[in-house]
Amino acid sequence: MKNFQIILIAVFIAAAIFGMLIFSGAIPLGNKTVGGQGTIVLWGTFRADLVNTLLEDFNNAHPSYVVRYVEKSREDFDQNLLEALASGSGPDMFFLPDNLAYHYSNKILAIPYQSYSVSSFKSSFASAGEVFLTSGGILAFPMTVDPLVMYYNRSMLDASGIVYPPNNWDDFVNVVPALTKKDDSNKIIKSAVALGHFSNVFHAKDILSTLFMQTGNKIVYEKDGRFVPDLTVSIGPFGLDNILKFYTDFADPQKNVYSWNKSFPLSQDYFSTDNLAFYFGYASELSTLVSKNPNQNFSVAEMPQIKGSGFKLTSARVTGLAISAFSKNSTTAFLALSDMSSGDFVSKLAKNLGVVPARRDLLAIKQNDAYSPIFYSSALYARSWLDPSPKDMDDIFRRMIDGVLANNFGPGDAIIDANSKLYLLLNK
């Protein structure tokens, strides 16, 4: 570990010198007149067959260098990458999920803003990609956005006389009682929505963090070069304590919106049985939902918003392309990064993965199928945040939700407890 830290310090010194060379113009990022050389190794968790077909065309179009993709297991990616970097055998570049950006921020060769300005970044990429912007530079160029949307069962809404899916939370609450069906013993037999719990609600953390961010909360933000937690209890109807209570009310039998409990299966599975009216999931889940029940009459709508809010927001999973601080061919890696993020590689990659391209010029292209228009419009106002540890943050959100449901915490105390634990994660 000590040797690894020494190597890491040496790499950072080299990275700083490299950044100065870029700034001075000695290594001009994206200058097509400067040819790359050699082979660039790219790691990721995407299926190799979905990436290699694109790289074949890409490499043919850029004959001065070669990008070779290596597929890694999603479960072991983090550990494999850390071990490879420590041994000096790691990749030159890797596809970086937004929830690992914080974890790898000190192992990435960040692109200095003198080379690629913030204004250029924001005019080129959807806002969700700004999760990769730090005071030290750009951690990754955004490639794809996978927005959180609302799938809905058309047959259930039609049977209840609901013409359109709700577009704000006030209207959403109003339709829940009509869509939740109970038997004579008050047992729920058809549910409006899977909210309120953690264990059997797919993406519970993402849904609740979306609600938090819709109030304007950032969850994590950077101040004076340090990342600090933002889970604070504020005054007013949109304080995070009230938002947490809003979420858990859907699991409270005493509430009018009661529609979910621990006896139900996983929400994605239950939606596919035609017994759940609304399911909050990602664009990338479309093919899974179709395969689970090919005959299901469902469609998709944008995430409901806070009524009267001055902005729209939903969560998204963002994947970027990052350069390893340990790359032995960082000059060519920078060129490959520029070429891959600005050409049609992005568009084809997003299509293969069933998600949305992160580039604004590609988002402007009109889509004509039944689902993509919602996915594309959602991607434009989607946001992400720097998750310091997905597993630990899952535990923090679970404790928040379960603590309120068990009356171990009031909503305000649960938020304060979560904020203190998030602070410890950010200061490890």
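The values are calculated or read from the model by the stated rules, or taken from the named source; none is laboratory data. Just so it is clear, the model here is predicted, and its values are computed rather than measured. For neighbour counting, all protein chains shown are included, and Cβ atoms are generated from backbone atoms with ideal geometry for every residue, glycine included.
Per-structure values
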| item | result |
| --- | --- |
| Segment 87-129, residues that are within 13 Å of Ile323 (Cα to Cα) and charged (D, E, K, R) | Asp92, Lys107 |
| Every residue from segment 404-426 that is of a type in the set (Gly, Ala, Ser) and more than 25 Å from the chain's Cα centre (by Cα) | Ala406, Gly410, Gly412 |
| Flag if Phe278 is assigned to a loop (DSSP other than H, G, I, E, B) and either under 15 Å from Val176 (Cβ atoms) or assigned by TED's automatic domain parsing to the domain that holds Ile306 (or both) | no |
| Any hit, segment 194-203, residues being more than 18 Å from Asn419 (Cα to Cα), of a type outside the set (A, V, I, L, M, F, W, C), in contact (Cβ under 8 Å) with a residue 40 or more places away in the chain and not in a loop (DSSP other than H, G, I, E, B) | no |
| Boolean, Asn174 is surrounded by 18 or more Cβ atoms within 10 Å (Cβ to Cβ) and either over 18 Å from the mean Cα position of the chain (by Cα) or not assigned by TED's automatic domain parsing to the domain that holds Lys348 (or both) | no |
| From Ala370, Ala382, Ala364, residue being small (Gly, Ala, Ser) and touching a Pro at 6+ places or on another chain (Cβ under 9 Å) | Ala382 |
| Residue satisfying condition, being among the aromatic types (Phe, Trp, Tyr) and either closer than 16 Å to Asn153 by Cα or under 20 Å from the mean Cα position of the chain (by Cα) (or both), within set Phe271, Phe264, Phe250, Phe246 | Phe271 |
| Residues of segment 389-428 classified as more than 18 Å from Ala204 (Cβ to Cβ) and touching a Phe, Trp or Tyr at 6+ places or on another chain (Cβ under 8 Å), total | 1 |
| Hey, Lys292 not assigned by TED's automatic domain parsing to the domain that holds Val201 and not hydrophobic (A, V, I, L, M, F, W, C) or not | no |
| Filter result (crowded, with 22+ Cβ neighbours inside 10 Å and of a type outside the set (Gly, Ala, Ser)) within segment 249-272 | Phe250, Trp260, Phe271 |
| Subset tally (residues that are over 18 Å from Ser341 (Cβ atoms), over 19 Å from the mean Cα position of the chain (by Cα) and aromatic (Phe, Trp, Tyr)) for segment 92-113 | 0 |
| Members of segment 124-159 found to be exposed (fewer than 14 other Cβ atoms within 10 Å of the Cβ) and either in contact with a helix residue (DSSP H, G or I) (Cβ under 7 Å, 6 or more places away or on another chain) or assigned by TED's automatic domain parsing to the domain that holds Leu211 (or both), listed by number | Ser155, Asp158 |
| Checklist (1) among the basic types (Lys, Arg); (2) in the same structural domain as Glu83 (by TED's automatic domain parsing); (3) touching a Ser or Thr at 6+ places or on another chain (Cβ under 9 Å) applied to Lys351, failing item | (3) |
| Of all residues making up segment 231-259, the number that are among the charged types (D, E, K, R), in contact (Cβ under 8 Å) with a residue 40 or more places away in the chain and in a loop (DSSP other than H, G, I, E, B) | 1 |
| Meets criteria (of a type outside the set (Asp, Glu) and closer than 20 Å to Lys205 by Cα) for Lys312 | yes |
| 3 or more residues within 30 Å of Leu337 (Cα to Cα): qualifying helices (runs of 4 or more DSSP H) within segment 350-428 | 360-363, 372-380 |
| Verdict on Gln79 being more than 24 Å from the chain's Cα centre (by Cα) and either of a type outside the set (Asp, Glu) or not in a helix (DSSP H, G or I) (or both) | no |
| When residues of segment 312-333 are limited to those that are among the hydrophobic types (A, V, I, L, M, F, W, C) and modelled with pLDDT under 95, the one nearest to Leu276 (Cα to Cα) | Ala325 |
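Residues are listed down the side, and each one gets a yes or a no for (1) at pLDDT 95 or above; (2) among the hydrophobic types (A, V, I, L, M, F, W, C):
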position: Asp344; (1), (2): no, no
position: Leu362; (1), (2): yes, yes
position: Phe375; (1), (2): yes, yes
position: Asp392; (1), (2): yes, no
